[in-house]
Amino acid sequence: MHATRIVTFLLGAWIIGTLFTDAVVYINLNLPERAISGAPPEAEKIIEDYTPEQASLLLHYYAAEANQVFLNRWEMVQVALGLLLIPAIVIATERKGLPLILAVFILIIALVQFLTVAPEVAYRSREVAFPPGRGNVDLEARVSKLWDIFAATEAVLVLGSGGLAAYVASYRSRRGVSD
């Protein structure tokens, strides 16, 4: 039986997918400045027509919307991975309590992130994309805290899935059959 391999594959995909998606989000947030500063002549004309500040606002809005699409899709994948992971954990660890509890815990964190944190981040981020929300210190601080919460849940997911992967990889079956 190769249940432990399936579990470690799912967890590896989860960890790599999370890190990759987070990297894409971070890079996207820095792209508007790079696009404006290194714009080709055709784009420079558009930027000059609308002023660099207006172009920056629009590009930041676009980057934020793209990030929301990436994050939303990845969160759906995380929930699916969590749902696939639980029965695989039960089979791979012969119904041991600790790995099952950890698998359910990371699924719950993924669901909380998908159903509550991410929609709030998306909504509030749109509020601060343009004036009057942009420049509102209280609103921008709230969005920053929401992103901090999102980053914390991402860290919990990576650490939890990494710990679970380490447990499953080192697990030895009582059956004496090597996985």
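The values are calculated or read from the model by the stated rules, or taken from the named source; none is laboratory data. Since the structure is predicted, the reported quantities are computational estimates derived from the model, not experimental observations. Every residue, glycine as well, gets a Cβ built from its backbone with ideal geometry; the counts of neighbours run over all protein chains shown. The area values use the complete protein model at the heavy-atom level, side chains included, leaving out ligands, DNA and RNA. Shrake-Rupley method; radii C 1.70, N 1.55, O 1.52, S 1.80 Å.
Just checking, how many residues over region 102-127 are over 14 Å from the mean Cα position of the chain (by Cα), under 15 Å from SER161 (Cβ atoms) and surrounded by 15 or more Cβ atoms within 10 Å (Cβ to Cβ)?
Residues flagged as over 14 Å from the mean Cα position of the chain (by Cα), under 15 Å from SER161 (Cβ atoms) and surrounded by 15 or more Cβ atoms within 10 Å (Cβ to Cβ) within region 102-127 amount to 3.
Which of the residues spanning region 69-88 are out of contact with any helix residue (DSSP H, G or I) (no Cβ under 8 Å at 6 or more places or on another chain) and among the charged types (D, E, K, R)?
Selection gives ARG73 alone.
I'd like to know if region 48-63 contains one or more residues that are in a loop (DSSP other than H, G, I, E, B) and without any contact (Cβ under 8 Å) to a residue 40 or more places away in the chain.
Yes, region 48-63 has at least one match.
Answer with yes or no whether GLU44 is over 23 Å from PRO131 (Cβ atoms) and either surrounded by 14 or more Cβ atoms within 10 Å (Cβ to Cβ) or among the aromatic types (Phe, Trp, Tyr) (or both).
Yes; evaluated as a whole, the condition is true for this residue.
Going through ALA43, ALA35 one at a time, which residue ends up being without any contact (Cβ under 8 Å) to a residue 12 or more places away in the chain and either hydrophobic (A, V, I, L, M, F, W, C) or under 30 Å from SER161 (Cβ atoms) (or both)?
Only one candidate qualifies: ALA43.
Restricting to region 136-170, name every residue that is touching a Pro at 6+ places or on another chain (Cβ under 8 Å), modelled with pLDDT under 90 and open to solvent by less than 30 Å² (accessible area, probe 1.4 Å).
Passing the criteria: only VAL168.
For region 71-179, give me every one of the helices (runs of 4 or more DSSP H) that falls completely inside it and has 2 or more residues that are touching an Asp or Glu at 6+ places or on another chain (Cβ under 9 Å), without any contact (Cβ under 8 Å) to a residue 24 or more places away in the chain and over 23 Å from GLY12 (Cα atoms).
Qualifying helices (runs of 4 or more DSSP H): 137-170.
In the set GLU75, GLU42, which member is modelled with pLDDT of 85 or more and among the acidic types (Asp, Glu)?
The match here is GLU75.
Pull up region 14-39, narrow it to residues that are open to solvent by less than 40 Å² (accessible area, probe 1.4 Å) and of a type outside the set (Val, Ile, Thr), then point me to the one that is modelled with the lowest pLDDT.
ALA39
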